[in-house]
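Let me begin by presenting the structure, written as structure tokens, before commenting on it.
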Amino acid sequence: MINKKGQPGKTRSEQAVETRQCLLDTAKKLFATNGYTLTSVRSINRELSMSDGILYHYFPGGKKEILSVILREGLQRSFAVMSELNDELEDMPLREALNRIYWQGDRLFSDDPDLFQILLKESDNLELNETQLLSDVLLERTKWFTGFLARRYENGEIREMDFSIASQNFWASSLTNWIGKLLKIEFLRKLESDTDREKIIEHTLNLWRIP
């Protein structure tokens, strides 16, 4: 396919992928800003100057299906980004590894705040499979980090403790940071701040160090 400038244009398949993503991005922004209930199919199409039929062509289930896809693909993407770090983190000094995990977690929020806004605001509209996916993502990261701490103990870097509880407490810091940003709670330490992040890590290491 050649466009008017004589350059290769987008194929129908590429155009379809682009249209689908535009619908998802627009709906996500509206859901995060106005809420799921107050966002109509027509308002999504109006933002993109599309007819109502186009949205239903890509998402026959309407905005309920769109919400499900936004959450599913967003959570899967976040999980993939975090999981890609696993091997790299194993070889890092512990302090550096904790800093990287916290920093990456904050970046996930900063890169896609609308996703977390929707998760916080639309809990009543989540289907069982979407809630389960979020639970699975958190459980998988907690399970991996539990093993990570156990291996650090075997290497003599930290003391023996309940690694599962330590893992849950560690991830709770990231969750607290995300919720604090969403609710604009200023008194919480911020993981995007190098100084605050270093203080949190130092406090954590003091709890984990061998007496």
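The values are calculated or read from the model by the stated rules, or taken from the named source; none is laboratory data. The shown structure was predicted, so the numbers you read here are calculated from the model rather than taken from an experiment. Heads up, the Cβs are rebuilt from the backbone with ideal geometry, glycines too, and the neighbour counts pull from every protein chain shown.
Against the definition (exposed (fewer than 15 other Cβ atoms within 10 Å of the Cβ), modelled with pLDDT of 90 or more, under 22 Å from residue 173 (Cβ atoms) and touching a helix residue (DSSP H, G or I) at 6+ places or on another chain (Cβ under 7 Å)), how does residue 95 come out, yes or no? Yes: the conditions hold for residue 95.
Remark: residue 122 falls outside the filter, which requires a residue to be exposed (fewer than 14 other Cβ atoms within 10 Å of the Cβ) and out of contact with any Pro (no Cβ under 8 Å at 6 or more places or on another chain).
Could you please find all residues in segment 108-164 being assigned to a loop (DSSP other than H, G, I, E, B), touching a helix residue (DSSP H, G or I) at 6+ places or on another chain (Cβ under 8 Å) and of a type outside the set (A, V, I, L, M)? Within segment 108-164, 112, 122, 127, 157, 159, 160 qualify. Quick one: is residue 154 farther than 23 Å from residue 104 by Cβ, without any contact (Cβ under 8 Å) to a residue 40 or more places away in the chain and not polar (S, T, N, Q)? The answer is yes for residue 154.
Across segment 77-107, the number of residues qualifying as in a helix (DSSP H, G or I) and more than 30 Å from residue 65 (Cα to Cα) comes to 15. A search for C-beta distances below 8 Å between a residue of segment 97-125 that is touching a residue at least 60 places away in the same chain (Cβ under 8 Å) and among the small types (Gly, Ala, Ser) and any residue that is crowded, with 17+ Cβ neighbours inside 10 Å and not in a helix (DSSP H, G or I), counting only pairs 6+ apart in sequence or on different chains, returns 105/191.
When restricted to residues that are among the charged types (D, E, K, R) and closer than 24 Å to residue 133 by Cα, segment 17-76 contains 9. Among the residues of segment 12-56, those that are outside any helix (DSSP H, G or I) and closer than 15 Å to residue 68 by Cβ comprise 36, 39.
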